[in-house]
Amino acid sequence: MGRSWGRGGAKAFAVLSAPLCLGQGTSPRPGNIFAPASTPAEMIYGVSVFVLVITGIIFLAVFGLLVYAAVKYRRREGDDAREPAQVYGSDQLELAWTVIPVIIVLVLFIASARVIHQVQDADMPAGTVQVTVIGHQFWWEFRYPKLGIITANELHVPLSGTQNPRPTLLKLLSADTDHSFWVPRLAGKTDLIPNHPNEMWIDPRIEGMFLGQCAQYCGVQHAKMLLRVYVDTPEKFDEWVAAQKRPAAAAPPAGESAAAGRRLFETTACVACHRVAGTRAFGRVGPDLTHLMSRATLASGAAENTPADLRQWIEKPDSIKPGSLMPAMNLSAKELDEVTAYLLTLH
Amino acid sequence: MSSESMPIAGAGNLPGAARRVWLETLHEWLITVDHKKLGLMYIGYALFFLVVGGIEATIIRIQLAVPHAHFVSPEVFNRMFTMHGTTMIFFVAMPVLFGFANYLVPLMIGARDMAFPRLNAFSFWMTAFGGLLLYFSFLGGDGLYGAGSAPDVGWWAYAPLTSKAFSRGHSTDYWTVSLLASGFGTIGTAVNLVATILSMRCRGMTLGKMPLLAWLNLVMSGMLLFTITPLTAAQIMLMVDRYLDGHFFDTHAGGSAAIWMHFFWIFGHPEVYVLIIPCFAFVSEIVPVFSRKPIFGYPVMVAATVAIGGVSMSVWAHHMYTIGMTSYENAFFVLTTLAVGVPTGIKIFNWLGTMWGGKIRYAPPMMFCLGFLFQFLIAGLTGIMLGSAPFDWQLGNSYFVVAHFHYVIVGGILFALFAAFYYWYPKMTGRMLNDTLGKWHFWVFLIGFHLTFDFMHIPGLLGMPRRIYTYEPGRGWAIWNMIATIGVAFQIAGILIFVFNLVHSYFRGRVAGDDPWDAWTLEWATSSPPAACNFAVLPEVRSRRPLWDLKHPEDPDWKYE
């Protein structure tokens, strides 16, 4: 039912939201809450349109009355200075503008409560992908407990068809302070609160990349705690899973520079925080780097994952993300080249 | 009381009479227990912090005008929005409203002073101390990870960011202690207002014949007694956590971050009504006088206010729809939140009913009241959107919320306050504020307000979270942020016109006389400014509009009430 509102209301809303759509062709709006791509976001969209239409009608009615009264009853030139009729109130009118709002409130409440129930109390079908999301200052850890995958900042989930639904259930935890998981086109936000596990779900129906970011102030770099969700076709998702399961570092890296970089990586403090599966690096404080090169961004979306940005990020994290908890290790230029070369082998 | 104050010891030895007068005046203001002087001190203090908080807002807006700006560092930005929010709520909005309440309530109920003048002075100085202490943190308190100074945990200071593990320095302690201190001042004021309104009314003024301003301040004060206490309790618990190894909010030791949220918002949401109800009071006094009609439906207005006060205490968790409450809890708070809309709607309709059939005079007080009505209507409707939990899952903590509550606080509260300034300044100083400047102030500020806050809704709908110090290009947010920042220039210009008007009119303004607006409540029966004792002879009233009765003996109100 929630969805049928969404479709019905969509047309009505297209008129109301015209200013939002200006320039839609030239400038993408990756976080537009009115372009849902997953059931929870669609249900929210449906009730939102309903609420917008009701509040819009109230606005037009009251605004019209106010303008009318403000213009009609202004004191005019050549007024006779007599006081107007002194009216103290009207029981009928006051009763009317009590009862009508009560009815509107009840309607809005029922509409909202239904969507609350549909989103929060939905049953997940067998075959639901399970992901544990752990918020850190200032990045995202994604663990797929049933698939044995650990990754960061870029979540991969399968497309969920109408015939063959395959939703993803996110279990939300926090390693430090409060965070909030918000990818507007997929679902509303849900907070990650330490010592207070939460859940949410998505079932994306459109393939592609969806942008989001932390929506609860979590400290210095709250702004650059960005988030990407890649929605893959089932085949591409299975390929991604297979690739992530391989311990990338099983074979020693080819090339002298990369080999030196690996030695350096494993003998400096890098390993205290980072993990590379199959090596001596098994830190858990920072992002898992086993398949670093499979990701499009660095530092939770703060930079592109290019060799130059990667080198700069290792050399001076503050230049990309001031206040990030990754320290600069004061490596020499040669050492930086070597560590970068090693990380570039982590496919 | 000014004539009775003692000269300070040794003042007579000072050379020059001018200096002695200056010192005596200062001394008189420092030791005063007069409700009018304290009221003016509250207002002056709040205006000072309005400028400070405005500068902080300007820094925020400049930083956000374009993507990837480097105007300030993230640390400074986080400090700016924390201090801006804390300052504007606790050291601007509350003091200025207490200032007006202090000044007006005794005059309007025909009393010579507040019930407890010394408590009144104590309350003011506690509040003043709180604000100064908060700003001392720029010198004394390290922030998150021991960096920089001044609080940077956000004005609601969610746990566990405030714990020792994250906030190592003292900035959080400055925040805590300054709010504790000003909180005591607030409780003192609330007790004082309740006692004054209940026991100091002049002869004939039954509860049903009080001006609405007194009624609304009574409800506001009653709410404060319930809502400041959880905040105070939470601050003490936070201190215990930070210094006595308590674990109330220490999530690593089994404490609960959600409990802090409940404590904070059970204060925080009624606080919004604590701020808006006195503004309802201004509008309820000004709209009738400028429409030349009595307030429409006085008993319903009182009932609606009491209803807002009561119901608003059960809505706090609508700030927490995203923390993972059960569907039943979320639904409950949707119902209570939407329910507040009913009495609020009644008020808007009753103001409309007051204007209907009147002869509306558009002087600056009424213009600002009309601005208030339009903007508060929109703020209320976006509030309904946010009250619907599913919509809030998208809109919560986005720029839509920032736009919404600035619509309440600037578009509603500040506009009503400007109306109050233009309306009561003649009573407070004996001179009129300049009308032309007032109209310029209104239009320039109105344009600035709408440029900034209308367009601020849109990036929220496009996924922009609040409290981010910068953002990427290509998300569709930049143009709206630029427009919002341009609006700030207009707002600053409007404020400058206002401040100039306040100062200029004090010296050069037209002499007001006792009753420049042809109004009906008791404060206009005494001189402008009123003598220290307020009334030479305490008045006696027979209706809600004693001056109407006096001016229209052929058609007095008391025949109909």
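The values are calculated or read from the model by the stated rules, or taken from the named source; none is laboratory data. Keep in mind it's a predicted model, so treat the numbers as computed, not measured. Heads up, the Cβs are rebuilt from the backbone with ideal geometry, glycines too, and the neighbour counts pull from every protein chain shown. To get the accessible areas, we keep the full protein, side chains included, count just its heavy atoms, and leave off ligands, DNA and RNA. Shrake-Rupley method; radii C 1.70, N 1.55, O 1.52, S 1.80 Å.
Here are some notes:
- In chain B, the calculated helix contribution to ellipticity at 222 nm averages -22000 deg cm²/dmol per residue, counting -39,500 (n - 2.57) for every DSSP H run with n ≥ 4.
- Rg/Rh, computed from the Cα trace of segment A:129-232 with Rh as the Kirkwood radius, has the value 0.95.
- Considering only B:386, A:273, A:308, the residue lying farthest towards the positive end of the dipole of the protein assembly as shown is B:386, judged by Cα position with unit charges set on Cβ.
- Relative to the dominant Cα principal axis of chain A, helix A:234-245 is inclined by about 40°.
- In nm, spacing of pseudo-spin labels at residue B:362 and residue A:318 (7 Å Cα→C-beta vector): 5.6
- In terms of its C-alpha gyration tensor, chain A has a prolate overall shape, because the principal axis ratio a/c (a ≥ b ≥ c, square roots of the eigenvalues) is not below 1.5 and a/b outweighs b/c.
- Straight-line cross-link reach from residue A:316 at under 21 Å between alpha-carbon atoms covers these lysines, not counting any fewer than eight positions away in the same chain: A:224, A:334.
- Only the Cβ atoms of Lys and Arg (+1) and of Asp and Glu (-1) were treated as charged; on that basis the dipole of segment B:23-137 about its Cα centre amounts to roughly 160 debye.
- Note on residue A:87 and residue A:75: the model spin-label points, each 7 Å out from Cα along the C-beta direction, lie 2.0 nm apart.
- Pairwise inverse Cα distances across chain B, averaged and inverted, put the Kirkwood hydrodynamic radius at 24.5 Å.
- All Cα-Cα separations within segment A:36-109 were binned at 10 Å from zero, giving a P(r) of 14, 28, 26, 17, 10, 4, 1, each value a whole percent of the pairs.
- Computed packing ranks the peptides B:475-486, B:81-92 as B:81-92, B:475-486, most packed first, by mean other Cβ atoms within 10 Å.
- Helix axis angle, A:39-72 relative to chain A longest principal axis, alpha carbon, degrees: 40
- Under the convention that each Lys and Arg Cβ holds +1 and each Asp and Glu Cβ holds -1, the size of the dipole of the protein assembly as shown around its Cα centre is about 940 debye.
- DSSP bridge orientation in the protein assembly as shown - percent antiparallel, rounded to nearest 5: 70
- Taking a ≥ b ≥ c as the square roots of the Cα gyration tensor eigenvalues, segment B:490-561 comes out prolate, since a/c reaches at least 1.5 and a/b is larger than b/c.
- Take the Cβ atoms of residue A:238 and residue A:285, set R0 to 35 Å, and the FRET efficiency comes out at 0.70.
- Cβ-based charge dipole, the protein assembly as shown, positive-most Cα from B:229, A:87, A:56: A:87
- Residue of A:288, A:123, A:80 that the Gaussian network model of chain A assigns the largest fluctuation, springs spanning Cα pairs under 10 Å: A:80
- Once the Cα atoms are used to define both axes, helix B:298-311 deviates from the longest principal axis of chain B by about 30 degrees.
- Cα pair count fraction exceeding 20 Å, expressed as % - segment A:193-347: 56
- Ranking A:165, A:210, A:144 by how far each Cα lies toward the positive end of the dipole of segment A:129-232 (charges on Cβ) leaves A:165 at the top.
- The stretch between residue A:267 and residue A:164 holds 32.2 nm of extra length on full extension. This uses 0.36 nm per residue minus the Cα-Cα distance.
- Percent accessible area from carbon and sulfur atoms, segment A:129-232, protein chains only, probe 1.4 Å: 49
- Peptide A:76-84 is shielded by partner chain Cβ atoms: per residue, an average of 3 of them sit within 10 Å of its Cβ.
- Mean partner shielding of peptide A:231-241, defined as the number of other chain Cβ atoms within 10 Å of each residue Cβ, is 0.
- Here the simple spin-label model places points 7 Å from the Cα toward Cβ, and for residue A:330 and residue A:65 these points are separated by 7.2 nm.
- Each 10 Å bin from zero up to the one holding the largest Cα-Cα distance in segment B:151-228 carries the following percent of pairs: 17, 33, 22, 16, 10, 3, 0.
- MRE, 222 nm, helices only [DSSP H, n ≥ 4, -39500 (n - 2.57), over chain A, to nearest 500]: -12500 deg cm²/dmol
- In the context of the full protein assembly, residue A:79 retains an accessible surface of approximately 50 Å², using a probe radius of 1.4 Å and ignoring ligands and nucleic acids.
- According to the Kirkwood relation over distinct C-alpha pairs, the hydrodynamic radius of the protein assembly as shown is 29.6 Å.
- Put a plus charge on the Cβ of each Lys and Arg, a minus charge on the Cβ of each Asp and Glu, and nothing anywhere else: the dipole of segment A:143-294 about its Cα centre is then about 220 debye.
- From phi via Karplus (6.51, -1.76, 1.60), per-residue ³J(HN,Hα) for segment B:32-43 in Hz, x at Gly/Pro: 5, 10, 6, 5, 6, 5, 5, x, 5, 5, 4, 5
- For the segment B:72-85, counting C-beta atoms of other chains within 10 Å of every residue's C-beta and taking the mean gives 2.
- Taking a straight line from the alpha carbon of residue B:36, these lysines sit under 18 Å away, with near neighbours fewer than eight places off in the same chain left out: B:427.
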